[in-house]
1. Considering only residues of region 114-133 that are near the ligand (Cβ under 9 Å from one of its atoms) and over 20 Å from Leu29 (Cα atoms), which is surrounded by the most Cβ atoms within 10 Å (Cβ to Cβ)?
2. Gly192: closer than 19 Å to Glu90 by Cα, in contact with a Phe, Trp or Tyr (Cβ under 7 Å, 6 or more places away or on another chain) and within 15 Å of the ligand (Cβ to nearest atom), yes or no?
3. Checking the conditions here, which among Phe159, Phe184 is at pLDDT below 95 and not acidic (Asp, Glu)?
4. I'd like to know if region 134-147 contains one or more residues that are of a type in the set (A, V, I, L, M), within 11 Å of the ligand (Cβ to nearest atom) and surrounded by 15 or more Cβ atoms within 10 Å (Cβ to Cβ).
5. Filter region 13-61 down to the residues that are near the ligand (Cβ under 7 Å from one of its atoms) and over 30 Å from Thr209 (Cα atoms) and list them by number.
6. Collect the residues in region 62-109 that are touching a Ser or Thr at 6+ places or on another chain (Cβ under 8 Å) and within 16 Å of the ligand (Cβ to nearest atom), keeping them in residue-number order.
7. Has region 157-165 got any residue that is over 26 Å from Ile19 (Cα atoms) and exposed (fewer than 13 other Cβ atoms within 10 Å of the Cβ)?
Amino acid sequence: MTMLGSYLTVRRVRLISGIVLFSYLSTHLLNHALGLISLEAMEEGRHWFLALWRNPAGSSALYLSLVAHFTLALWAVYQRRRLFSMPRAEALQLVLGLSIVPLLAQHVIGTRTAHEWHGVHDSYTYVVLALYHFAPEKGLWQTAAVLVAWVHGCIGLHFWLRLRLWYPSWRPLLFAAALLIPVFGLLGFLDGGREASRLAADPDWLRATLATMNLPDRSGLAALQALERQIYWWFGSFLMLTLAAREVRALLERRRGLVHHISRGSRG
Ligand code: HEM
């Protein structure tokens, strides 16, 4: 494949995987927004949401896109000649993109992995009790994840669309949607959290509800925590390896330049 061919392939894979991830996040946030109606409405919306995403095709699209997008972020770090003098929006885009993995690892392990490994019923009641009622600091962490992932996606879409002729006239509408979707999503999360917290004040409700969730036992929990630690470790290792590969390339290039310089000097 020519240099141009591989450049275009990288761009295409980045764009397609980005669109899949953005669609996932938009529908996820719209589902959270139903919390403005009630916790029950969130759960009802979740059935539709899971029908769309938690099936072999939806899940493969989601997780393959995650892997592809992350790999291409590392590739971007490797490829850039200068990491500290890139345009500000691009730097922000890269830093936000790389932060999504550590911001999200616990959430995905606590929901999908817990569901697959231990049959946990990862409903909204389960998630908002965890993030709002039992550990609000994790709720703040998750709120940061919403903002980081959303801003990252919006910058990516803006760079993709900015040269289209129709973009300027659609921009106000898209801007309104970019603002309202996360705001409604987060307000829905807060309202759903408040409702669950109110219900949890009744110990009988709390006991009965926790009993329906099929929570993992001590060893199940330890296995999930071990996976989370592994993900942080792999993430750090891949990032370090990418930075090391840049250094090796720079060293080889300096050496090649030096050899070239010496051989020209000895000829002259
Ligand atoms: C306050 C914010 C959030 C809440 C309340 C929340 C809620 C949930 C819930 C209830 C689930 C269980 C499955 C489902 O019903 O969809 C879930 C799973 C998931 N969430 Fe979130 N979420 C939040 C933020 C985010 C963000 C910011 C992202 C991505 C950038 C994200 C990505 C995921 C993923 C990938 C899964 C696993 C989906 C699967 O494999 O089926 N979530 N979330």
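1. If we take residues in region 114-133 being near the ligand (Cβ under 9 Å from one of its atoms) and over 20 Å from Leu29 (Cα atoms), then His115 is surrounded by the most Cβ atoms within 10 Å (Cβ to Cβ).
2. Working: closer than 19 Å to Glu90 by Cα: no; in contact with a Phe, Trp or Tyr (Cβ under 7 Å, 6 or more places away or on another chain): yes; within 15 Å of the ligand (Cβ to nearest atom): yes.
Against the criterion (closer than 19 Å to Glu90 by Cα, in contact with a Phe, Trp or Tyr (Cβ under 7 Å, 6 or more places away or on another chain) and within 15 Å of the ligand (Cβ to nearest atom)), Gly192 does not qualify.
3. Values: Phe184 fails: at pLDDT below 95.
On inspection, the qualifying residue turns out to be Phe159.
4. Taking region 134-147 and keeping what is of a type in the set (A, V, I, L, M), we get 135, 140, 144-147.
In the following step, the residues that additionally are within 11 Å of the ligand (Cβ to nearest atom) were identified as 140, 144-147.
Applying the additional criterion that residues be surrounded by 15 or more Cβ atoms within 10 Å (Cβ to Cβ) yields 145-146.
Yes: one or more hits.
5. The answer is none; no residue qualifies.
6. Selection gives Leu64, Ser65, Leu66, Ala68, His69.
7. Quick first cut of region 157-165, residues over 26 Å from Ile19 (Cα atoms) only: none.
Within region 157-165, not a single residue is over 26 Å from Ile19 (Cα atoms) and exposed (fewer than 13 other Cβ atoms within 10 Å of the Cβ).
The values are calculated or read from the model by the stated rules, or taken from the named source; none is laboratory data. Remember, predicted model here, so these are calculated numbers, not experimental data. Cβ: placed from backbone, ideal geometry, glycine included. Neighbour counts: every protein chain shown.
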